Amino acid sequence: MEENRNTAATATPTISGDLMSSHLQFSDKNSLPKTDVQILTSNGLRIPVHTGILASVSPVLENIIDRPHKHHSSEKIIPILGVPCDAVSSFIQFLYSSRCSEEELERYGIHLLALSHVYLVPQLKHMCSKSVGQRLTTENVVDVLQLARLCDSPDLYVKCMKTLSSNFKAVEKTEGWRFMQENDPFLELEILKFIDEAESRKMRTRRHREEQRLFMELSEAMECLEHICTEGCTAVGPSDMDPTNQRGPCNKFSTCEGLQFLIKHFATCKNRVNGKCSRCKRMWQLLRLHSSICDHTDSCRVPLCRQFKLKMNRQKKGDETLWSLLVKKVASARVMSSLSLPKRKREELRETIHDHGIRNFRI
């Protein structure tokens, strides 16, 4: 029986020490010590290696090497099964050289990822996660996701989830998705939950952007209102300013022009007081919003600024909380907008607002 075991061992294919040193890119093969352990692959190939190198790179292999053997034999064998022989060879090469070619990552990235996780080789695991993530397709994304969970690779897991979320209709038609539905319903639930949360985040982001756009528009309207009431712009300006000295269109004329039309309508509308006109109601709201933001009521030239301020101090309405929030958001947008201006322009704007008293419109 012992003779049969020895005969079988002799018949097992091996990689010679010379071939191994060449494969692992060592220029001086004579400098290598004698191999003292063999890696056994799935097809029976044996790769001679050095225990010192394996133990220094992988703590798992170190434990296997130090583990007492059940069968006392001078020949030490470490089986690495379940993956292609060439993938094991590339794995051993990395343990020796800390290098792995792009071609090897492309061909054996998934297998190397599993090996690097099992044998605790973090550098190779990071390389494989990145490489596999770059080669995701609708056909393999479900399989790679399952591997990312098993191998505890969070970066690859998130990338798979994002790919699934972006291409869900196509992924649903793949064999991998159908197999996962039948065998891993918890993962399916996890994927659907991620997609739902991703859609919710998109909706919140979209809503936030719309709100910020509205606040910026209101902030710009406040600036144009002050600009019209202090300097004048094309057709509308302070009543004490000579139309011939009025300045031309400002740099925000698209907003300023619309506000001028609104002011013209507000000045002549007969339904302004009874609240039947929606355009006049919008103008009242702009004037109230300005008064809520304005810090220079006594010197402000915008009409009704002081009156609105006094009225708001006397009254407490049910929508006060929402209105206060709107005021804060618009004021914040205004500060951000002013910070983007050059320092000299900000100082000129501040001086212009401070140096004028309350006046009426000139139309």
Cβ pairs under 6 Å, 6+ apart or interchain, first in segment 271-298 and within 20 Å of GLU223 (Cβ to Cβ), second open to solvent by 40 Å² or more (accessible area, probe 1.4 Å), ordered by first then second residue, are LEU287/LEU304; SER291/LYS309; THR297/ARG306; THR297/LYS309
Note on LEU145: of the conditions (1) buried (at least 22 other Cβ atoms within 10 Å of the Cβ); (2) touching a helix residue (DSSP H, G or I) at 6+ places or on another chain (Cβ under 6 Å); (3) over 25 Å from PHE168 (Cα atoms), unmet is (3)
Scanning segment 47-72 residue by residue, the ones that are at pLDDT below 90 and either in contact with a Gly (Cβ under 6 Å, 6 or more places away or on another chain) or open to solvent by 80 Å² or more (accessible area, probe 1.4 Å) (or both) total 7
Those helices (runs of 4 or more DSSP H) completely within segment 169-283 that have 2 or more residues that are farther than 30 Å from LEU322 by Cβ and at pLDDT 90 or above are 175-183, 185-230
Given the conditions (1) closer than 21 Å to GLU106 by Cβ; (2) touching a residue at least 24 places away in the same chain (Cβ under 8 Å); (3) not in a helix (DSSP H, G or I), every one holds for THR137 apart from (2)
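Within segment 100-133, restricting attention to residues that are in contact (Cβ under 8 Å) with a residue 40 or more places away in the chain and open to solvent by 10 Å² or more (accessible area, probe 1.4 Å), which residue is nearest to ILE47 (Cα to Cα)?
Restricting to residues being in contact (Cβ under 8 Å) with a residue 40 or more places away in the chain and open to solvent by 10 Å² or more (accessible area, probe 1.4 Å), the top hit is TYR119.
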LEU24 vs (1) open to solvent by less than 70 Å² (accessible area, probe 1.4 Å); (2) modelled with pLDDT of 90 or more; (3) over 39 Å from the mean Cα position of the chain (by Cα): all pass except (2)
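Results for (1) modelled with pLDDT under 95; (2) closer than 22 Å to GLN38 by Cβ; (3) basic (Lys, Arg); (4) more than 29 Å from the chain's Cα centre (by Cα), shown as yes or no for each residue.
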site: SER97; (1), (2), (3), (4): yes, yes, no, yes
site: LEU113; (1), (2), (3), (4): no, no, no, no
site: SER116; (1), (2), (3), (4): no, yes, no, no
site: GLN123; (1), (2), (3), (4): no, no, no, no
Taking segment 73-99 and keeping residues open to solvent by less than 60 Å² (accessible area, probe 1.4 Å) and assigned to a helix (DSSP H, G or I) leaves CYS85, ALA87, VAL88, SER89, SER90, PHE91, ILE92, GLN93, PHE94, LEU95, TYR96, SER97
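The values are calculated or read from the model by the stated rules, or taken from the named source; none is laboratory data. From a predicted model like this one, the values you see are computed outputs, not experimental measurements. In this analysis, Cβ positions are derived from the backbone assuming ideal geometry, glycine residues included, and neighbour counts consider all displayed protein chains. To get the accessible areas, we keep the full protein, side chains included, count just its heavy atoms, and leave off ligands, DNA and RNA. Shrake-Rupley method; radii C 1.70, N 1.55, O 1.52, S 1.80 Å.
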